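Undergrad: Structure below; questions to follow.
The values are calculated or read from the model by the stated rules, or taken from the named source; none is laboratory data. Keep in mind it's a predicted model, so treat the numbers as computed, not measured. For neighbour counting, all protein chains shown are included, and Cβ atoms are generated from backbone atoms with ideal geometry for every residue, glycine included. Accessible surface is based on the protein model in full, side chains and every heavy atom, while ligands, DNA and RNA are left aside. Shrake-Rupley method; radii C 1.70, N 1.55, O 1.52, S 1.80 Å.
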Amino acid sequence: MTEKRAAYRIGAAAGLGGVTLAVIAALSVPMTMQDPFADISAADYMNGIVSAPALWVLLHLAVTVGTALKLVGLITIGETFEKSSARPLALIGNGLAIAGVSLLITTYARDGYVHTFMAETWQKAGAGGDAYEAIFASSTRTAYSTEITGVLLVLGLAPLAYGGAMLLSSLYARWVGWLGVVGGVGGVVTAGYLYSTGLTDLGYGVLYPLFGMAIPTVWLVAAALRVWRATATVQSPAPQPVAAQGAVG
């Protein structure tokens, strides 16, 4: 039992660490180099990358590691429903999260590693680089498509499933469950809007920061802290009912 409690704490800590790393790295990319979502030409985008290619790759690697750790946290949260009647919803959340994170990591690998190679090759080509610009523009659209789909799954449908499980059980405070549901609905709307409109100020300037970063971050931190605190004070490996232990925060 002690080993299982330790495993839950490791998973919760991984989720919290992943949130921190992913947010810092994701914000550092547009602040220090080039905004991946800016509506600019392929040439301008590649110029931003080649200004500091090593940093571009490093920051994308950091986002990748952070996102993978967030997945560990999400699966750990799903496993806390092991003895709950809401477990089927949690398992659905786990499956959606795995699929969504796989797409997001594919996006980061493409934008971080592949696009760096393409930008450096384009720079060496000089005046003959028009073909590279066309290929790069097509590649960025491919990356957008996988990212938007990842958002739909891991930031939209997965929180809906987890939030529903939280509301059907007594393991988490109800506000945490509702935050997951509301954030999930927002994630679905955001992904749908981005699919329909592409790079717009409302999509990537308002909806994505709110439902793609802010609300999912608060929700995951609250849920992971619940797991951490519960396993630190009781003998059970999963959070105890809120009525017995009190709500998070």
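Undergrad: Which residues, counting only those in the stretch 1-22, are of a type in the set (Asp, Glu) and open to solvent by less than 70 Å² (accessible area, probe 1.4 Å)?
TA: Within the stretch 1-22, none qualify.
Undergrad: Which of (1) within 21 Å of the chain's Cα centre (by Cα); (2) farther than 28 Å from Gly180 by Cα; (3) open to solvent by 40 Å² or more (accessible area, probe 1.4 Å) is the odd one out, the single condition Ile40 does not satisfy?
TA: (1)
Undergrad: Now, a different point. When you scan the stretch 72-103, how many residues do you find that are part of a helix (DSSP H, G or I), open to solvent by less than 50 Å² (accessible area, probe 1.4 Å) and among the polar types (S, T, N, Q)?
TA: 2
Undergrad: Then there is this: For the stretch 214-237: of the residues being part of a helix (DSSP H, G or I) and among the hydroxyl-bearing types (Ser, Thr, Tyr), which is modelled with the lowest pLDDT?
TA: Thr233
Undergrad: Something else about it: Pairs under 6 Å by beta carbon, first residue in contact (Cβ under 8 Å) with a residue 24 or more places away in the chain in the stretch 110-124, partner assigned to a helix (DSSP H, G or I) and open to solvent by 70 Å² or more (accessible area, probe 1.4 Å), six or more apart or different chains?
TA: Listed by first residue and then by second, the contacts come to Trp122/Tyr132.
Undergrad: Across the stretch 155-191, which residue is modelled with the lowest pLDDT among those that are surrounded by 19 or more Cβ atoms within 10 Å (Cβ to Cβ) and among the aromatic types (Phe, Trp, Tyr)?
TA: Step by step, filter the stretch 155-191, then rank; the result is Tyr172.
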